[in-house]
Structures are given as C-alpha cells and as structure tokens.
1. Tell me the label-point distance for the pair A:Ala57, B:Arg187, using the 7 Å Cα-to-Cβ offset, in nm and rounded to one decimal.
2. Per-residue Cβ counts within 10 Å, from other chains only, averaged over B:137-148: what number is that?
3. Within 10 Å, count the other beta carbons around each residue, average over each peptide in B:201-213, A:266-278, A:172-184, and list them highest first.
4. From other protein chains only, count the Cβ atoms within 10 Å of every residue's Cβ in A:36-47, then give the mean.
5. Give A:Lys299/B:Lys104; A:Lys299/B:Lys102; A:Lys71/B:Lys133; A:Lys88/A:Lys154; A:Lys154/B:Lys45; B:Lys106/B:Lys182 a once-over and call out the pairs whose C-alpha atoms are over 24 Å from each other.
6. Please compute the average number of Cβ atoms from other chains found within 10 Å of each residue's Cβ in peptide B:124-136.
7. Calculate the FRET efficiency for B:Ala115 and B:Ser6 from the Cβ-Cβ distance with a Förster distance of 60 Å, rounded to the nearest 0.05.
8. Between A:Leu114 and B:Phe51, what's the calculated FRET efficiency when r is the beta-carbon distance and R0 is 22 Å? Round to 0.05.
Amino acid sequence: MSSKQLSGDVKVKRKFKIDNWIPYLFILPSFLIIATFLFYPIGTVFYYSFQHYDISAPFYNKFAGFENFVKIFTADKLFFPSLMTSLKWVVSQVGLQLIFGLLFAVMLNQTFKLRGFVRAIAFIPWAISGVLASVMWSLMYNEHMGVFNDILMKLGIISEPQAFLASTSSAFIAVVIAELWRGIPFFAITLLASLQSIPEELYEASDIDGANKWESFIHITLPHLKNTIVLTTLLRTVWEFNNVDLIFNLTGGGPANSTTTLTMYIANLAVNGSDFGYGSALTVISFLLLFVFAMVYLKITRYERED
Amino acid sequence: MVNSRSRTNKILFFYLPLTLMFTWTIFPIYWTINTAFKHEGDIVKRPLEYFPTAPTVENFVVAWNNVGFATFFKNSLIVGISTVLVVIVLSTLSGYALSRYKFKGKRSFLLMLLATQFIPRAMLIIPLFIIFKSMGLISNPLSLIITYTAVEIPFTTILMSGFIGNIPRDLEEAAAVDGASKLQSLRLVMLPLLLPGIVATAVFTFIYTWNEFLLALMLTNQQSKFTLPVGLSFMMGEFNVNYGALAAGSVIALIPAVILFAYAQKHLVNGLGGAVKG
C-alpha cells in the first residue's frame, strides 16, 4: 500500500486502528498475569537451579554452576528411588484411573432408573480436595477406629489391627487406592462426554452386521475415544506426577520414604525451607522429564487434534 | 428361559458393578459423616459403630469454635470469591477477544494458554514463595488470589471463548447498528446470554480455590490465615488428633464444594468434557 493512498483516508484508517487494538486490550490483563506469575517464576526456577540459595542464610548464597545437578546424580541417595516411586505412582494411577473411568463411563451411559442421581454421586469425588480425601481415607485406614481393620478382621483375613499407612508393605498401595477414589471421576466425566458424541447408528449398523457387544466396543467405541484417551492420559500423567496432596497428608512420604515421589521430595524440601537452589534443580529435572515424555507420547500415539 | 438368563446377566454384569461403584464412591463420605456425629468415646469403641447410636453435634461446635474452622472457612471464602470475581472479568474479556476477533499473535496467545496446562504446578511453589516474600505478601490472601487467578485464567479463558462462540454474532451487530458502544453491547446483550457459562466458570474456579493445598501451604505461615485445606492438614499432623472434630471440619469443608458441584454439574461436565476433547 502506498503512503499516498493512506493519507487520503486518514479518518477511516484511525478508526480502523483503534478497533485493531481492542483484542489486545482485552487479552492484556490475562497475558500480564500469566506472564508474571506463571512464566516468569518458571524462568526463575532455571536461574535458581544454578545457585546456592538458602533463604535462612542469605549470606552464603552464590552462583553454583552445575554443582546442584552433579550432586543430584552422584550424591543424592533419594533421587533415583523417588524417581522410581514417581514412575510407579504415575503408571498405577493413570492406568487404573483410565480402566475404571472407562468402566464407570460405559455404565453411566446406559439407561437405567435414577441415572441422573447416580451420575451426580459418581462424579462427586472430583470436587473433593486432596486434603479432604486424605482425612476421609485416614479415618478408614486408622488402626484403632478404621473400618477396614474392622471388616478385614470380621472376614478373618487379618487377626490383629494393622496400621496400613505406617507399614512399608502397605502404605504405597493404601495411598494409591485413596487417590484412585478421587481420580476416577475425571476420566469418567471426560470419557462419558466423548461416549455421548458417538452416533447411535454406528452401533445399530454393527448390530445388523451381527457383531456382539464386545466387538462393537473394540471396533466402534475405542477408536472413537482414542483422542480423548490420549489427551486425558497425558494431562493426567503430568497432573499425577505433580500431585502430592494425598501423599503429603496420609504418609508425608514415609514410612522409610516408601511413598516419596520426586514431587513429594521437592515439596518436603520447599516446605522445610532448605536450599531452594537444590530444590529448583530437582524441579528443573522433573520439568524436563515431563516435557520429553509429553513430546514422545504425542508422537507415538499420533495424536491429532480435531478442528 | 432365555429371558431369565438375560435378567441374571443384567444383574450380574450391570447392577452388581453399578452398586459396587456407588458404594465405593459414597462410603468414604458416609464414614466421615458417621464419625463426625459420634461422641469422642464412641469413635474408637469396639465393636465399631456403622451408624452413630447417640448422634451429637459437639464435634461441629468444637471444630467451628475451638479448632479454628470458622477462621479457615472465612479465609477460604475470601480467597475463593475474590479469585472468582477477578477470573470471570479477565477470562470474559480474553475469551471474547479470542472468539470474536482475528488478530496478529492470536495463535501464539492460544499456544501460550495451552502450554500452561503442562506446567507442573509443583514447579511454582519455590519461585512464587520467593516472589511473594520479596513483595511482603506471605500470609496475605492477595498472594493466593493472584496465584490462583494466574493458574486458572488459561483454562477459563478457553472455556469462556467456547461459551461466547456459541452466541450468534448477529445479536451484537444489531446492537451496534442501534448505536450501542462495544462495552454497552457486551454488558447489555452478551452478559445475560453468557450467564450460564459464567456460572459454570465461576463454580469451576471456586472449587479449585476451595480445594488447593500445596500453594496455600507454601504461601501461608500464620494459622490465622490458613485456608480450609491447610487447616485440615495442620490438624491431621497434630500429635493428638481429635478425630471427631477433624471429621466435622471435613464435613464443613465438604458442603459448599458438593452443593456447588451438584448445582453446576451439567455445565461442568459439558465444559470439562468439551475442553478436553478439544
């Protein structure tokens, strides 16, 4: 466009310009708050990971180079075990939540009396906080007043009350079960929404072709759910990797660190106010692990966003 | 014959799993309520009471007055309502920009919103603590309101832009023809139609703030500023746990979240399902 043309139509141009700025004005506050309180802090984590940074002893704070990272991989006795615990935690959570979530969704998609009510109840744990769920399950696991001990003893499976959360053999499983309770509804909700978008005709057609229920589940339902499953499992993996609410409140990472995931380890360091530089270095490593995982996962599942 | 077999099948493969699912979901909640209404001595009594034989509200009184749940409840309410107000205004504006305008950088902004969904929340606890400490906002509800807004805005913006996209453009154009300014048409034409979407977004945001634990724990170090999750956690960690009051406190914390969830369930399920489906 030449400048002559522009100068000939100044008024229109100016009005046009103000309209142009409206979307930017509208997104500006959101952009600023995201940039300042999400992206900037993430940036500083990378910075602190190269520092010795102890908030209670600021005099000793200094540049650390790669010292924190070297320490993690060579001297930290908790790093690799906690990474393994994270892996166990994420795989068991996401895998079981997906299986049971799918089961719940398929059941809740059938027609039966009181379906609306049962659906509402089935989704409730999604709205319940990790801390609240911790209280509920700790009341049930309790050695002296817990309902599990009562039932298991009545059934003759155990003869003495057990402290499920204090024993290395049962603590991890106990926390996994409690978190499942809270996690399944998320999958049930998203998968149910996806199930409802499958056209009924597809099932009718496969019925006419003589397919049984299982076959139409494999050939119609699952392919249709694929994208939802890929995305929800990915989001959930990131979420469960970072989720410490139940571990923090049920076991605090114990006994003998048997429930200390990498994030729990970081949370303990952060809450106890030890070297933030070291905690940041651990955070950077978990971020990179998740990032690589997400890339690889999206690649191998050939996820495609429907537009 | 065939009929009775298929009925047995239906009971075995549908109603039985359905009942198990229902029991599994409801029992922990029931047990907490059951515990909350028992006298202190009855909680540990053998045989265990599956139903409070002599129900009492003393646990609720203790939790509310002596343990500090009145304060925790008030703090959670302040943080929750403030965050909801800020989030609604900001995400309506940015959602409107996304669904109604084509502009340079729109794709990058959308990408930025999506990228935030992959930021580990736990990654934020250390740097945010340092930032808010330097601002003198530790144990100040403002630090939580700001943090929760930042965490929620990306998702609620996408949610709101979806809701706004469902409202026909013609309505606004008609308002513009009638001489309404942009803001007037937003307020008078869009807002009433958007109300269900706004309610869903508000409930979603409120439940998040009501339940969030790790950031609240990190950014609060005075008991008088604890939100409900931090208060509950603090109580669980005490040497002599008062289980009755703990259960009662849980029921108190549970009620608003469940009522809001029940109220907005349909919208939330559609919104959440839709947002994840993409």
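The values are calculated or read from the model by the stated rules, or taken from the named source; none is laboratory data. Only a predicted model underlies this, so the values are computations on that prediction, with no experimental measurement involved. As a convention, Cβ positions derive from the backbone with ideal geometry for all residues, glycine included, and neighbour counts pool all protein chains shown. With ligands, DNA and RNA removed, areas are computed over all heavy atoms of the protein, side chains included. Shrake-Rupley method; radii C 1.70, N 1.55, O 1.52, S 1.80 Å.
1. Between A:Ala57 and B:Arg187, the label points sit 5.8 nm apart.
2. Neighbouring Cβ atoms belonging to other protein chains average 1 per residue here.
3. Taking the mean over residues of other Cβ atoms within 10 Å, the ranking is B:201-213, A:172-184, A:266-278.
4. Mean partner-chain Cβ count within 10 Å for A:36-47: 6.
5. Cα-Cα > 24 Å for A:Lys299/B:Lys104; A:Lys299/B:Lys102; A:Lys71/B:Lys133; A:Lys88/A:Lys154; rest within.
6. For peptide B:124-136, the averaged partner shielding equals 6.
7. 0.75
8. 0.45
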